[in-house]
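So the structure is just underneath, and the comments pick up after that.
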Amino acid sequence: MTKINDELKKWIVMMIMVAAAIIHKAAVAAAEPQVPCLFVFGDSLIDSGNNNNLSTIAKVNFKPYGIDFPLGPTGRFSNGKTVLDIIAQLLGFEEYIPSYLNAFGKQILRGVNYASAAAGIRPETGLNWGDRITFDEQLTNFKNTVEQLDALLGGREATSRHLGKCIFISGFGNNDFLNNYFMPRVYNTSKLYTLQQYTPLLLNRYAEQLKVLYTYGARKVALVGSAPIGCIPVTLVTRSDGVKCVERENRATQMYNAQLRARIDVFNARFHGAQFTFIDGYNPINDVINNAEAYGFKVKNKACCGLSSVICVLNDYVCPNRSDHVFWDFAHPSEAASTIVARRSYESQKPTDAYPFDLRRLAQL
């Protein structure tokens, strides 16, 4: 009887160990992100510090930026997380995607953020701010990363397999209007082209840059449209009856977004094996602005941080309750507003949020 009890105990212990192993394996699997890596290109809305060492006024690696971010001021144009940080979390990444400036060794296996404040599609865009990393230069940096991946993974074929599973997010257009076309004292583009001429020219250049991105290995690509730049505090027009958005700027970005969305099917037909999708950068934040109270915001047309300039200065004034404000500074949303936009980018709430699919679906493809 004792021998039977001993054997039974051994069997029970063994079953417990097997069950524990299965549970552990399931827990590890559950913790894995939905894609192995995330590569990001864009401007200040998703920059995580790539401008920190540049000779530019478009950098914010100082307080009060990052006042609500776990790592403090890192170069993010936010009081806390950017929309990209939140998207990465929704995709299951437990750590922040490193900026190209700070990506080393095996970190690059899970992705890199190349975004740079003031950057645009056109090479001259944002020059009024000083140095910035244009999209062309961000692509060069990505090429360098690909070569590093070749060394880590044992060759281009293995790198291509790895990159083919990753999501690539590219968000441009804002600065090509704000810090180019609508600055006639600095740039001559508005003198050379009407908006109807400028927009397709801009997108033609973008298409050629995306071809380079595809050549380097991008296959799951999300193109984020431009924001309602006529509604950010720096461009708002104050009238006797309140505050109205600047329609000229908003019409320009709406035209850009409509034409970019229309090219998605063209890209998917042109780039064999790729899955391109359009993520609406306009309506989600515009909805928040127009329905601020319904979303829990008390202030929709004023910056929380700073009193006059586009970006806040060192130790600038900060409102006491950041979550009450749609905008953190005069051009960038607060973490609270970014969270709403990120959730709609990840999982569409309206048919216009993404075409043909949202980021959650893109991860599954």
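As an exercise: evaluate D131 against (1) surrounded by fewer than 20 Cβ atoms within 10 Å (Cβ to Cβ); (2) touching a Leu at 6+ places or on another chain (Cβ under 8 Å); (3) under 19 Å from T253 (Cα atoms) and give the number of the one condition it does not meet.
Every listed condition holds for D131 apart from (3).
Taking segment 205-256 as the search range and keeping residues that are buried (at least 16 other Cβ atoms within 10 Å of the Cβ) and among the hydroxyl-bearing types (S, T, Y), which one is farthest from E147 (Cα to Cα)?
T235
Given the residues L8, L54, which is the only one that is among the aliphatic types (A, V, I, L, M), out of contact with any Cys (no Cβ under 6 Å at 6 or more places or on another chain) and at pLDDT 95 or above?
L54
Return the pairs, sorted by first residue and then second, in which the second residue is among the acidic types (D, E), the first residue lies in segment 306-333 and is without any contact (Cβ under 8 Å) to a residue 24 or more places away in the chain, the beta carbons are less than 8 Å apart, and the residues are 6+ apart or on different chains.
Every condition considered, the pairs that remain are L307/D316.
Do we have N53 as surrounded by fewer than 20 Cβ atoms within 10 Å (Cβ to Cβ), part of a loop (DSSP other than H, G, I, E, B) and out of contact with any Pro (no Cβ under 8 Å at 6 or more places or on another chain) here?
Criteria met by N53.
Name the residues in segment 148-157 that are on the phi < 0 side of the Ramachandran plot and exposed (fewer than 13 other Cβ atoms within 10 Å of the Cβ), would you?
If the condition is that a residue be on the phi < 0 side of the Ramachandran plot and exposed (fewer than 13 other Cβ atoms within 10 Å of the Cβ), then A151, E157 are the ones that fit.
F271 - would you say it is more than 21 Å from N174 (Cα to Cα), in contact with a Lys or Arg (Cβ under 9 Å, 6 or more places away or on another chain) and not acidic (D, E)?
yes
Counting only residues that are free of Cβ contacts under 8 Å to residues at least 12 places away in the same chain and closer than 30 Å to Q364 by Cα, give me the helices (runs of 4 or more DSSP H) lying completely in segment 71-189 with at least 2 of them.
Answer list for segment 71-189: 135-153, 156-163.
Pairs please, first residue from segment 340-365 and in contact (Cβ under 8 Å) with a residue 24 or more places away in the chain and more than 12 Å from V224 (Cα to Cα), second anywhere and polar (S, T, N, Q) and not in a strand (DSSP E or B), Cβ atoms under 6 Å, 6+ apart in sequence or on different chains.
Qualifying pairs under 6 Å: T352/N283; A363/Q34.
Under 7 Å between Cβ atoms, which residue pairs at least 6 apart in sequence (or on different chains) link something in segment 272-301 that is farther than 20 Å from A262 by Cβ and in contact (Cβ under 8 Å) with a residue 24 or more places away in the chain with a partner that is among the charged types (D, E, K, R) and outside any strand (DSSP E or B)?
Partner pairs satisfying both residue conditions: G273/R219; F297/D324; K298/D324; V299/D324.
The values are calculated or read from the model by the stated rules, or taken from the named source; none is laboratory data. Predicted model, so just to flag it, every value in this text is computed and none were measured. Neighbour counts run over all protein chains shown; Cβ positions are idealised from the backbone, glycine included.
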